[in-house]
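Have a look at this one.
The values are calculated or read from the model by the stated rules, or taken from the named source; none is laboratory data. Keep in mind the model is a prediction, meaning the values are calculated, not measured. No Cβ is skipped: glycine too gets one built from the backbone with ideal geometry, and neighbour counts run over all protein chains shown. Heavy atoms of the whole protein, side chains included, go into the accessibility calculation; ligands, DNA and RNA do not. Shrake-Rupley method; radii C 1.70, N 1.55, O 1.52, S 1.80 Å.
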Amino acid sequence: DRAAKRVGELLVGDAGFDIGQGDLIRADSSRAPIGVTIDAERPQTYWFDAQRAAEQRVIDASLPAGRVNALQKLPDGKLLVRSYSDTEPGVYYFYDPQEKTLSEWLSTRPWIEATKMSRTEVVRYRSRDGQDLMGYFTRPFDARPGPVPLLVWVHGGPAGRDHWGFDAEVQFFASRGYAVFQPYFRGSTGMGDTFEAAGYRQWGLRMQDDVTDGVRALVERKQVDPQRICIGGGSYGGYAALMGVI
């Protein structure tokens with residue numbers, strides 16, 4: 001409230017993940033914010049607009065559970081829905097609010113069999129100096145019970161991050177029998193300036209420990225085989241792979 005010079009009610013927030021200006025969803029005509037998508041552990045959309053919130057509930061209930069369903073309003077009043085998940089690369093639908101009908105338009109990669117893709121879960125662990133951390137862990141869908149071989153796949157940047165969703169590289173490695181661990185180490189973006197700044201001057205040091213400590217947690221939980229672990233990545237991930245070996 002600029003007149004009263006005070007902050008109004010909290011519309012939406014997340015204690016762990018950033019909200020940027022680009023995350024706002026705006027009305028086509030007035031450009032007023034009507035919602036926001038937070039790229040948290042997995043994307044979450046919150047609507048300030050009651051009608052759009054109701055439409056989101058209908059669409060979410062109509063499509064397979066576990067998917068992220070992103071809505072975009074079209075000039076004819078219909079909604080374009082992009083539906084995806086960790087195992088589904090993406091299917092587009094049209095939703096007609098008047099008729100309350102949902103029709104499939106196209107599949108982005110119809111040759112992908114979602115039932116043969118591997119699920120990605122969030123794993124949380126604590127570093128050796130007490131920092132709470134997380135990462136994404138993908139276990140081969142057809143793996144036998146017990147520890148499996150592991151590929152530690154480190155993102156670039158290091159001012160960057162991994163995202164929950166369909167990752168073709170991760171699915172490729174999982175299809176070859178490897179579990180894949182994508183650590184969210186200090187220096188990564190998306191969890192606040194303090195978390196990102198904690199990686200400054202820590203290449204090969206604390207940032208590397210964060211990667212190693214995540215692997216150790218998976219070993220302790222008997223999810224991966226400690227004798228069959230490799231590490232890779234591109235850009236900063238390539239540096240981290242070399243430092244991991246060192």
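Mind listing whichever residues of region 73-91 are outside any loop (DSSP other than H, G, I, E, B) and open to solvent by less than 60 Å² (accessible area, probe 1.4 Å)? Steps first, answer last, please.
Kept after step one, since they are outside any loop (DSSP other than H, G, I, E, B), are these residues of region 73-91: 73, 79-84, 91.
Listed by number, the residues that qualify are L79, L80, V81, S83, Y84, V91.
From R128, R201, R216, R144, which residue is in a helix (DSSP H, G or I), over 23 Å from D39 (Cβ atoms) and out of contact with any His (no Cβ under 6 Å at 6 or more places or on another chain)? Show your work before the answer.
Details: R128 fails: in a helix (DSSP H, G or I); R201 fails: in a helix (DSSP H, G or I); R144 fails: in a helix (DSSP H, G or I).
Result of the check over R128, R201, R216, R144: R216.
When the residues of region 127-141 are filtered to those that are open to solvent by 70 Å² or more (accessible area, probe 1.4 Å) and over 23 Å from the mean Cα position of the chain (by Cα), which remaining residue is nearest to S175 (Cα to Cα)? Can you show your working first?
At the first step, the residues of region 127-141 found to be open to solvent by 70 Å² or more (accessible area, probe 1.4 Å) are 128-129, 132, 141.
Restricting the remaining residues to those that are over 23 Å from the mean Cα position of the chain (by Cα) gives 128-129.
On the way: R128: 32, D129: 35 Å.
Among them, the one singled out is R128.
Find all pairs meeting these conditions: Cβ atoms under 8 angstrom apart; at least six residues apart or on different chains; first residue within region 46-63 and in contact (Cβ under 8 Å) with a residue 40 or more places away in the chain; second residue in a strand (DSSP E or B) and of a type in the set (S, T, N, Q).
Pairs found: I59/N69.
Moving on to the next point. Kindly provide the set of residues from region 13-35 that are in a loop (DSSP other than H, G, I, E, B), of a type in the set (A, V, I, L, M) and either in contact with a Lys or Arg (Cβ under 9 Å, 6 or more places away or on another chain) or surrounded by 15 or more Cβ atoms within 10 Å (Cβ to Cβ) (or both), ordered by number.
Initial filter on region 13-35 (in a loop (DSSP other than H, G, I, E, B)): 13-20, 27-32.
This time we only want the ones that are of a type in the set (A, V, I, L, M), so: 15, 19, 27, 32.
Correct list: I19, A27, A32.
If V215 satisfies all but one of (1) modelled with pLDDT under 95; (2) open to solvent by less than 100 Å² (accessible area, probe 1.4 Å); (3) β-branched (V, I, T), what's the number of the condition it fails?
(1)
Just checking, which of A70, A61 is part of a helix (DSSP H, G or I), modelled with pLDDT of 95 or more, small (G, A, S) and open to solvent by 30 Å² or more (accessible area, probe 1.4 Å)? If you could, list the steps in order and put the result at the bottom.
On the way: A70 fails: part of a helix (DSSP H, G or I).
Of A70, A61, the one residue that is part of a helix (DSSP H, G or I), modelled with pLDDT of 95 or more, small (G, A, S) and open to solvent by 30 Å² or more (accessible area, probe 1.4 Å) is A61.
Determine, yes or no, whether T194 is out of contact with any strand residue (DSSP E or B) (no Cβ under 6 Å at 6 or more places or on another chain), surrounded by fewer than 19 Cβ atoms within 10 Å (Cβ to Cβ), at pLDDT below 95 and of a type in the set (V, I, T). Lay out the reasoning, then the answer.
Values: out of contact with any strand residue (DSSP E or B) (no Cβ under 6 Å at 6 or more places or on another chain): yes; surrounded by fewer than 19 Cβ atoms within 10 Å (Cβ to Cβ): yes; at pLDDT below 95: no; of a type in the set (V, I, T): yes.
Against the criterion (out of contact with any strand residue (DSSP E or B) (no Cβ under 6 Å at 6 or more places or on another chain), surrounded by fewer than 19 Cβ atoms within 10 Å (Cβ to Cβ), at pLDDT below 95 and of a type in the set (V, I, T)), T194 does not qualify.
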